[in-house]
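Participant: Before anything else, here's the structure in question.
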């Protein structure tokens, strides 16, 4: 079952027009959330991020589309599918019509849920994807439907049996993984690409930074990171809203431990429980 503009219906009944702007121009933003153990972690952060994205794209959001409405529509969709745990995708797109210039800025939304599947592939190997580069800017920080580089990097990873690939920008600096933000550990310093490098403004990225800033063991650095740093660091981990934190085992001939990452995972689980429940 899916939720289209508040109406629950079977997935096969969804009929999108050939004038759909998400299809024709990628004129859409989306968010991925997790429902587990009866709550959606950091729901408020997810809501305000997607609202910020729609404002950036000059979409007109109805007055009733507030946080409570957003939560209720997601939970309604999960209940309709009778899932205990779920992976959620919310897509917001401008209404049909127009060429590059839309006929209006009103929106439609689609909520899809699937059973949550959490795999921990071991080993977890990564590689650089160098065929195309991310262009840094405000648009690169939002989750729009224009994800061609991610698609191509995913195909590359599948063809060469990597679990993930690292995207780079026009300055040849690290940006992020295909579906996650990236952090590297050197001693008690943790580095992650700054938003200005072109990475997605990830919710778990934000929360990991908040967590690290709130303790006295590690120091966080948001900065430019050369790919050579991947060969000189102690550990690497990736973050997104589905897996939370994923340890990386190898990059090329470099093998990594995961002792510090495992400690951070424990800290983040407690941080998540303490700071966010619905």
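The values are calculated or read from the model by the stated rules, or taken from the named source; none is laboratory data. Treat the numbers as computed from the prediction; the structure is a model and nothing was measured. Don't worry about glycine lacking a Cβ; one is built from the backbone with ideal geometry, like all the others, and counts go over all protein chains shown.
Residues checked against (1) more than 21 Å from the chain's Cα centre (by Cα); (2) assigned by TED's automatic domain parsing to the domain that holds residue 207; (3) free of Cβ contacts under 8 Å to residues at least 60 places away in the same chain:
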position: 14; (1), (2), (3): yes, no, no
position: 23; (1), (2), (3): no, no, yes
position: 30; (1), (2), (3): no, no, no
position: 39; (1), (2), (3): no, no, no
position: 55; (1), (2), (3): no, no, yes
position: 60; (1), (2), (3): yes, no, yes
position: 79; (1), (2), (3): yes, no, yes
position: 85; (1), (2), (3): no, no, yes
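Participant: Just checking, how many residues over region 215-236 are loosely packed, with under 14 Cβ neighbours inside 10 Å, in contact (Cβ under 8 Å) with a residue 12 or more places away in the chain and not in a strand (DSSP E or B)?
Facilitator: Total meeting the criteria: 5.
Participant: Now, a different point. Among the listed residues 108, 120, 131, 96, identify the single one that is in a strand (DSSP E or B) and outside the structural domain of residue 180 (by TED's automatic domain parsing). Write out each step before concluding.
Facilitator: Values: 120 fails: in a strand (DSSP E or B); 131 fails: outside the structural domain of residue 180 (by TED's automatic domain parsing); 96 fails: in a strand (DSSP E or B).
Matching residue, one of 108, 120, 131, 96: 108.
Participant: Within the group 145, 150, which residue is touching a residue at least 40 places away in the same chain (Cβ under 8 Å) and surrounded by 12 or more Cβ atoms within 10 Å (Cβ to Cβ)?
Facilitator: Exactly one residue qualifies, and that residue is 145.
Participant: For residue 239, indicate whether it is free of Cβ contacts under 8 Å to residues at least 60 places away in the same chain and surrounded by 15 or more Cβ atoms within 10 Å (Cβ to Cβ). Quick ask: steps written out before the conclusion?
Facilitator: Numbers: free of Cβ contacts under 8 Å to residues at least 60 places away in the same chain: yes; surrounded by 15 or more Cβ atoms within 10 Å (Cβ to Cβ): yes.
For residue 239, the condition - free of Cβ contacts under 8 Å to residues at least 60 places away in the same chain and surrounded by 15 or more Cβ atoms within 10 Å (Cβ to Cβ) - is met.
Participant: Still on this structure, I have one more. Picking from 171, 150, which residue would you name as being part of a loop (DSSP other than H, G, I, E, B), more than 26 Å from residue 272 (Cα to Cα) and at pLDDT 95 or above? Outline the logic, then answer.
Facilitator: Working: 150 fails: part of a loop (DSSP other than H, G, I, E, B).
Only one candidate qualifies: 171.
Residues checked against (1) at pLDDT 95 or above; (2) in contact with a helix residue (DSSP H, G or I) (Cβ under 6 Å, 6 or more places away or on another chain); (3) under 19 Å from residue 139 (Cβ atoms):
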site	(1), (2), (3)
21	yes, no, yes
26	yes, no, yes
45	yes, yes, no
53	yes, no, yes
57	yes, no, yes
70	yes, yes, no
95	yes, no, no
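Participant: Just checking, which of 207, 253, 232 is over 24 Å from residue 56 (Cα atoms), in the same structural domain as residue 148 (by TED's automatic domain parsing) and modelled with pLDDT of 95 or more? First the steps, then the outcome.
Facilitator: Details: 207 fails: over 24 Å from residue 56 (Cα atoms); 253 fails: modelled with pLDDT of 95 or more.
The unique qualifying residue is 232.
Participant: Based on what the data block shows, is residue 263 farther than 17 Å from residue 175 by Cβ and in contact with a helix residue (DSSP H, G or I) (Cβ under 9 Å, 6 or more places away or on another chain)? Walk me through it before giving the result.
Facilitator: Working: farther than 17 Å from residue 175 by Cβ: yes; in contact with a helix residue (DSSP H, G or I) (Cβ under 9 Å, 6 or more places away or on another chain): no.
In short, no.
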